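All remarks here apply to the structure that follows.
The values are calculated or read from the model by the stated rules, or taken from the named source; none is laboratory data. In this text, all values refer to a predicted model and were calculated from it rather than measured experimentally. All Cβ positions, glycine included, derive from the backbone under ideal geometry; neighbour counts span all protein chains shown.
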């Protein structure tokens, strides 16, 4: 197929790129061609895909001149959902194409769509991209001094990774830790082991803020010995063991049970503060609070935010 491609300047997010622009009647075969030459793997918003397919089938599809974007290598960067809808319905439509974006821009396109931080990290070749992405979302929240359920934007998370690439190694450690401490043949990803993201973030923060104590804290948490019941590492280990057994029992009764990341951060940091100061951890009898000790949950979190500030602040040369 011969296409008439016109030279053009392509503007995106305040930057201008030299490239090509054309309109093409895209059928299922052409859609498959573009989809098979894509940068990375795209997670779809399934509801959005269904809406586009329905609009094609009803004859209501309108191309709003949001172009299908291709890298300067010709690889597909954006427009996956529309092309998939065309491929699956076998209904051809005309689409506008722009070709000429730098390949590295893939991770910044369509930040409000279905592309995820994990997709962007996969393109960068980051190992365990999905787990690292979850940790980055938690770290980005902590940088802003909060623990909440709201999602962080992809750009904030990617910015956090550029400042803290060491989170990748800590995630690898946390995955191995979760696998070693899970039970009943559940393994990683089966929810009965400790959650990876809070441990990965804390492992990274403590290793940066206090390397020698950080290593001793997590080594003791994983390997013991378990002889001292008031050793903060053993108290933390027992807490997660108790929580894992409670989750299994709840699920056995058909009840919903899941980890609370905010609780996990409080438990881990409470134990860390006691270990770092050389104090035994006397378990609190106050059932109205999350933390393990008599420290208030607010004080524990405030201290955690302080550690994040220290690690997140670049050291002046």
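One line per residue, one yes/no per condition, for (1) assigned to a helix (DSSP H, G or I); (2) assigned by TED's automatic domain parsing to the domain that holds residue 301; (3) in contact with a strand residue (DSSP E or B) (Cβ under 8 Å, 6 or more places away or on another chain); (4) surrounded by fewer than 19 Cβ atoms within 10 Å (Cβ to Cβ):
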residue: 197; (1), (2), (3), (4): yes, yes, no, no
residue: 200; (1), (2), (3), (4): yes, yes, no, no
residue: 204; (1), (2), (3), (4): yes, yes, no, no
residue: 215; (1), (2), (3), (4): yes, yes, no, yes
residue: 220; (1), (2), (3), (4): yes, yes, no, no
residue: 226; (1), (2), (3), (4): no, yes, no, yes
residue: 235; (1), (2), (3), (4): yes, yes, no, no
residue: 238; (1), (2), (3), (4): yes, yes, no, yes
Self-check item: Check on residue 300, in contact with a helix residue (DSSP H, G or I) (Cβ under 9 Å, 6 or more places away or on another chain) and within 22 Å of residue 173 (Cα to Cα)
Solution: no
Exercise. Go through the residues of the range 256-269 one by one and say whether even a single one is at positive phi and without any contact (Cβ under 8 Å) to a residue 60 or more places away in the chain.
Key: no
Quiz item: Can you find even one residue in the range 278-289 that is within 27 Å of the chain's Cα centre (by Cα) and either surrounded by fewer than 17 Cβ atoms within 10 Å (Cβ to Cβ) or within 18 Å of residue 213 (Cβ to Cβ) (or both)?
Solution: no
Quiz item: Does the range 244-251 include one or more residues that are at pLDDT below 95, within 17 Å of the chain's Cα centre (by Cα), under 24 Å from residue 130 (Cα atoms) and surrounded by 14 or more Cβ atoms within 10 Å (Cβ to Cβ)?
Solution: no
Quiz item: Do you know which of the residues in the range 1-54 that are part of a helix (DSSP H, G or I) and at pLDDT 90 or above is surrounded by the most Cβ atoms within 10 Å (Cβ to Cβ)?
Solution: 31
Quiz item: Got a sec? Which of 137, 156, 190 is assigned by TED's automatic domain parsing to the domain that holds residue 300 and at pLDDT 80 or above?
Solution: 137
Quiz item: Take the residues of the range 91-121 that are buried (at least 18 other Cβ atoms within 10 Å of the Cβ) and out of contact with any helix residue (DSSP H, G or I) (no Cβ under 8 Å at 6 or more places or on another chain): which is modelled with the lowest pLDDT?
Solution: 110
Quiz item: Is there a residue being more than 27 Å from the chain's Cα centre (by Cα), surrounded by 12 or more Cβ atoms within 10 Å (Cβ to Cβ) and modelled with pLDDT of 90 or more anywhere in the range 306-316?
Solution: no
Practice problem: Test residue 73 against the stated conditions and say whether it is assigned to a helix (DSSP H, G or I), at negative phi and at pLDDT 80 or above. | Solution: no
